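The values are calculated or read from the model by the stated rules, or taken from the named source; none is laboratory data. Computed from a prediction, not measured in an experiment: that's the story for all the values here. Counting neighbours? That spans all protein chains shown, and the Cβs are built from the backbone with ideal geometry, glycine included.
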Amino acid sequence: MASQTNQRDRIVRVLHVTYDMAIGGTEQVICQLVDGLDRQQYQCEIACIEGEVGALGDRLRSDGLTIHALGREPGFDFSLVRKLRALYRSGAIDIVHCHQYTPYVYGVLAALFTGVKVVFTEHGRYFPDRYSWKRRVVNPLLERFTARITAISVATADALARYEWFRRGAIGVVYNGIAAGQRDERRQKRVSASIDDDTIVYGTISRFDPVKNLPLLVEAFARVSTSDRKTALLLVGDGEERAMIEELVQQFGIADKVIFTGYQTDTAAYMSSIDIFLLPSLSEGTSMTLLEAMSMGVCCVVTDVGGNPEIVQAGQTGLVVPSGDLDALASAMNEVLRDASLRASLAQAGRARFNQHFELNQMVAQYQEIYQSLVGRQSRTTRS
């Protein structure tokens, strides 16, 4: 009896396996999850298979979290399997939580016949999705050695089943969650960015990547900016397409209305300056910046891809437009520009929906329930 009690009460050791801990949606989810779990119940570590810890990882390390930078060799790296297996044993790991497909493959192979429970979370999909005959053979076998599979949206779960050959009935959905933000730095950031208080600010926070379809956003803003209302476009982020986007802004003659901030770590402060958040992506899982916008009461206009229409209820908590449709995006942007009451009601409803479904503790509680089910104990309340 005493040994059973000790088993129920001991700390559960969880190793998160991921590419790295740079700034990105997956990395933010891991960071939020590690921070949110009750440290009296869980001890978390992180293994970065690419060997780079990254900015979020540095922050977690400074807080005392153990992060292993392993380094993956080109091709299939059998030595990485051995390194992970050694980590499982030396750290007395109970659960390996693998984030995205490649870390999952290494993580589950390393766990074979060790007794370690494997959780696999798919955080998004490539665009466009493609079938792979190799995965059709391999993945059903890997699934047999996986305790739980989750995806961050229904759309992601459907794609995981359709293109990756996992059984759809074996895939659960755990939406991303973040701590609610506040818009208390609005005036400060607007002054620093030279934006007048009577200017309606469109904006997005994103990496400058083709999948984010920022050229469409810029062209749509160029149309809307001819309105008699004072408008500005705030582009927060950086990436491979920045030079092209800057050139496009010049071509449309809107350089005086577009603000490039570059990469920023304090995204909440810049979200405070945005009146209408835009997400014109070609593909999304559960966008962390979209959740941030909703949590802060910012009106949202998004494309009908991935998890976007699951998060934003069209016409109720935001506006949803077809992907790649310039006319529809510009029309929606113009609609919320001219109708202040609509803009306010969508923002308010979006914030209420966030609080009900996407607040951080809800995500943490769901993962905690999964962990607890795998070690055979009942869950307790998550950290406040």
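Quick notes on this one:
- Search result, residues across region 206-231 that are of a type in the set (A, V, I, L, M) and at pLDDT below 95: V211
- Matching residues, region 48-76, being closer than 13 Å to A22 by Cα and either in contact with a Gly (Cβ under 9 Å, 6 or more places away or on another chain) or acidic (D, E) (or both): C48, I49, E50, G51, E52, G54, L56, D58, I67, A69
- Just one of the listed residues (F120, F166, F127) is part of a loop (DSSP other than H, G, I, E, B), at negative phi and modelled with pLDDT of 95 or more, namely F166.
- Close Cβ contacts (under 9 Å, 6 or more residues apart or on different chains) running from residues in region 302-315 that are among the small types (G, A, S) to residues that are part of a helix (DSSP H, G or I) comprise G306/A155; G306/T156; G306/A159; G307/V154; G307/A155; G307/T156; G307/L290; G315/L346.
- Test set (1) in a helix (DSSP H, G or I); (2) closer than 19 Å to E369 by Cα; (3) without any contact (Cβ under 8 Å) to a residue 40 or more places away in the chain - A110 fails condition number: (2)
- Extreme residue, surrounded by the most Cβ atoms within 10 Å (Cβ to Cβ), among residues of region 15-47 that are over 13 Å from V96 (Cα atoms) and of a type in the set (S, T, Y): T26
- Neighbours by Cβ (under 8 Å, 6+ apart or cross-chain): first from region 209-226, closer than 15 Å to G253 by Cβ; second of a type in the set (S, T, Y): F221/Y202; F221/T231; V224/Y202; V224/T231; S225/T231
- Exclusive hit being touching a strand residue (DSSP E or B) at 6+ places or on another chain (Cβ under 6 Å), closer than 18 Å to T204 by Cα and not aromatic (F, W, Y), set L360, L374, L329: L329
- Taking the criterion of being exposed (fewer than 15 other Cβ atoms within 10 Å of the Cβ) and over 30 Å from T226 (Cβ atoms), the residues of region 320-356 that qualify are A352, N355, Q356.
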